[in-house]
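Accompanying notes for the structure given below.
The values are calculated or read from the model by the stated rules, or taken from the named source; none is laboratory data. Here the structure is a predicted model, which is why all the values come from computation and not from measurement. FYI the Cβ positions are ideal-geometry reconstructions off the backbone, even for glycines, and counts take in every protein chain you see.
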Amino acid sequence: MEGQSKKIHSSLRTVEWKDNKVIMIDQTKLPNELVFVKYSDYNQVAEAIRTLVVRGAPAIGVSGAFGLALAALQSTASSKEELLKDMEKARTILFETRPTAVNLKWGLEKIMEVAGHGSDIDQIKESVVTTAKKMAEDDVKNNMIMGKNGSVLFDNNDTIMTHCNAGALATVAYGTALGVIRATKESGKNIKVIVTETRPVQQGSRLTAFELKHDGIDVSLIPDTAGGYAMAKGLVDKVIVGADRILRKGHVFNKIGTYQVATMAKKHGIPFYVAAPLSSFDMKNNPEDVVIEQRKASEVTGIGDRKTAPDGINVINPAFDLTPPELISGIITEKGIAKPPFEESIKKLFQ
Ligand code: MRU
C-alpha cells in the first residue's frame, strides 16, 4: 500500500485508474472512515480482492482488469511472448483470489484477449490500460441504463428490501440493485429502503446503509433474522438484490442469505428482483460446477475484535448461496428485463 488519504466524496467512486496507479476505497474501513488506497503492483490488487478491500462482483471484475494492466506495466519483458507470459502469471494470481463472482474471469479474459492481439510491447501496454479504463466507464454507464430499465418495476411509496451491498461500492459507481433504487428515486418516486445487516461481514450495515445515507435515501437497518418479521408485517413491497453469477436457466449465486430472503418473499407474495450486468452471466456452467467460496471461521466466531463463540468451535462459513429461478420475479440488466421462463428470456438478452 502506498499513500493513504481521507476525504469525503459527494459521489462514491469505488475503483479508479489514475497516473498508472489503481485507487480504491478501502471498504474494510467503512463505515467509520472513508480511506483511499493506491496500488502500483498487481500483487497488491490481488491482496485487496482477497481481503475485501474491494468486493462486489462488478468491482472485482474491473479491479482484476486494472490489476492485469498494472502487471503489463510492471513487466520488464523484451518481447511480446515474454510480456504475455508475465501477464499470464499475474492472471492466475488475480484469478485465484475469489472463486464465485464470474466477473473476475470476465475482466481478466478481456484484458488477455486484447494483449494477445497486440503488435508489440508498447502497443500492448497502452491498449490494456485503455481497455481496462473503458471497462470501468462502461460499468458506470451500464449501471445507469440498468437502473432506468429497472425503475419501471417500482411504484411511488414502495418500501424496497435489499440484502448485502450491490451499490456504488460493489461496482465502479452507481450500483446494480442500488442503481435501480437510485434511478427509481431520480424518476421522482418516493421510496424507502430496508437493508439486512448481512452477517458475517456486514456489507448491509457497513456499506449499503453507509452509501444510501450518504446519498440521502431513506434507509432502515434490520438484523438478518428480522427479514421474515418485516415481510409478515407488510413492511416490504418488493425485494431487489445483486448477483455474483447468473446461470443460463436463471440460477442466481449471491451473498449468503439471499436464498432465505427470496424464500420468505415467495411465501409472502412479494416480488423478488435481481439486478446484474451481462458480465455477471455464466452461460456455460451448471449449478453444481460453481465453487462457493468458504471463508475463515473468525468472521463467524466474533464481531469486530469481540469474540462471540467458544474457542475451537467448528464453523461453516459459505460466502454465497444459490437462489433457484422459481423464486425470482425478474432479472434486470442493461439490455432489458428477463422474466420467467428464464432460459428463453436470458438467451434473448445476448442476441
Ligand atoms: O463478498 P462480497 O461482498 O464480494 O459479496 C457481494 C455480493 O454478494 C453482491 O451482492 C454481488 O457481488 C452483487 S454486487 C453488484
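Where helices (runs of 4 or more DSSP H) fall wholly inside the stretch 5-101, the ranges with 3 or more residues that are within 16 Å of the ligand (Cβ to nearest atom) and at pLDDT 95 or above are 42-50, 57-74. Lys267 meets each of the listed conditions (1) over 18 Å from the mean Cα position of the chain (by Cα); (2) within 21 Å of Ile49 (Cβ to Cβ) apart from (2).
Within the stretch 21-34, residues that are in contact (Cβ under 8 Å) with a residue 24 or more places away in the chain have Cβ atoms under 7 Å from residues that are of a type in the set (Phe, Trp, Tyr) and not in a strand (DSSP E or B) in these pairs: Val22/Phe66; Leu30/Phe210; Pro31/Phe210, counting only partners at least 6 apart in sequence or on another chain. Taken as a whole, the condition of being within 12 Å of the chain's Cα centre (by Cα) and surrounded by fewer than 24 Cβ atoms within 10 Å (Cβ to Cβ) does not apply to Thr130.
Can you tell me which residue in the stretch 75-110 is nearest to the chain's Cα centre (by Cα), limited to those that are of a type in the set (S, T, N, Q) and either crowded, with 16+ Cβ neighbours inside 10 Å or under 16 Å from Ile49 (Cβ atoms) (or both)?
Looking only at the stretch 75-110, we keep the residues that are of a type in the set (S, T, N, Q), and these are 75-76, 78-79, 92, 97, 100, 103.
So of that shortlist, the ones also either crowded, with 16+ Cβ neighbours inside 10 Å or under 16 Å from Ile49 (Cβ atoms) (or both) come out as 75, 92, 97, 100, 103.
Details: Ser75: 29, Thr92: 20, Thr97: 15, Thr100: 11, Asn103: 9 Å.
So, considering only residues that are of a type in the set (S, T, N, Q) and either crowded, with 16+ Cβ neighbours inside 10 Å or under 16 Å from Ile49 (Cβ atoms) (or both), the one nearest to the chain's Cα centre (by Cα) is Asn103.
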